[in-house]
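To start, the structure under review is shown below, and the notes come after it.
Where a number appears in this text, it was derived from the coordinates with a stated rule and is not lab data. What you are looking at is a predicted structure, and each value in this text was computed from that prediction instead of being measured. Please note: Cβ atoms are built from the backbone with ideal geometry, for glycine as well, and neighbour counts cover all protein chains shown.
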Amino acid sequence: MYAIVEIAGQQFKVERGNKVYVHRLDANEGTNIEFDKVFLIDNGGKISIGSPTVDGAKVAATIIEHIKGDKVIVFKKKRRKGYQKWNNHRQHLTQILIQGVLGKGESVKEELKAEKSVRTFLPPSKYGITAPVAETPAVDKKAPAKKAAAKKAPAKKAAKKTEE
């Protein structure tokens, strides 16, 4: 089930469990919010199109964090005129987690099960590329070579003490 919804002046295709970067929202981190400008809902092949919005449909989301996007360099130059202007810009963004797409009269369950595959969309970069990123489990790397070296070190010290 997915929906096309307007969030902060832009349209997004969202599903339950998506993490999306949107323009900065005026709410605190951890706040649950709902968006009611839903233009289309696809529920397993059954498509509902609004005119302009679907009646009673909402998208529930939680604000994860407020961040800044990648730095964009703005450089203006007029050749042979001695004019150069250098400027930078970083967009303020909000990362939200989509809790669910709600039809008329539906509500979000308090206990949402964590899904294994969460699609994360990267913030817009200076090249305009956004790609899904799969989360990878953390790998605990222990260095067996360091343990072996630590065991040998006291033996060398003991040998030096006996020679003296």
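Taking 0.36 nm per intervening residue step and subtracting the Cα-Cα distance, what contour gain separates I33 from Y83 on full extension? Kindly include the intermediate steps, with their values, before the conclusion.
On the way: separation 50, 0.36 × 50 = 18.00 nm, distance 4.71 nm.
Answer, rounded to one decimal: 13.3 nm.
Exceeding 18 Å between C-alpha atoms, which entries from my cross-link table qualify? They are K13/K71; K19/K68; K13/K68; K58/K104; K19/K104. Can you show the working numbers first?
On the way: K13/K71 25 Å; K19/K68 16 Å; K13/K68 22 Å; K58/K104 8 Å; K19/K104 24 Å.
Where the Cα-Cα span goes over 18 Å, the pairs concerned are K13/K71; K13/K68; K19/K104.
Restricting to DSSP loop positions (anything but H, G, I, E, B) with no more than 16 other Cβ atoms inside 10 Å of their own Cβ, which chymotrypsin sites (Phe, Trp or Tyr not before Pro) remain in the stretch 1-32?
Details: sites: Y2, F12, Y21; in loops: none.
Listed in order of number, the matching sites amount to none.
Exposure proxy check: H89, H66 ranked by fewest other beta carbons within 10 Å?
In order of increasing Cβ crowding within 10 Å: H89, H66.
What percentages make up the Cα-Cα pair-distance distribution of the stretch 1-99 when the bins are 5 Å wide from 0?
Histogram of Cα-Cα distances, whole percents per bin: 3, 12, 18, 17, 13, 9, 8, 6, 5, 4, 3, 1, 0.
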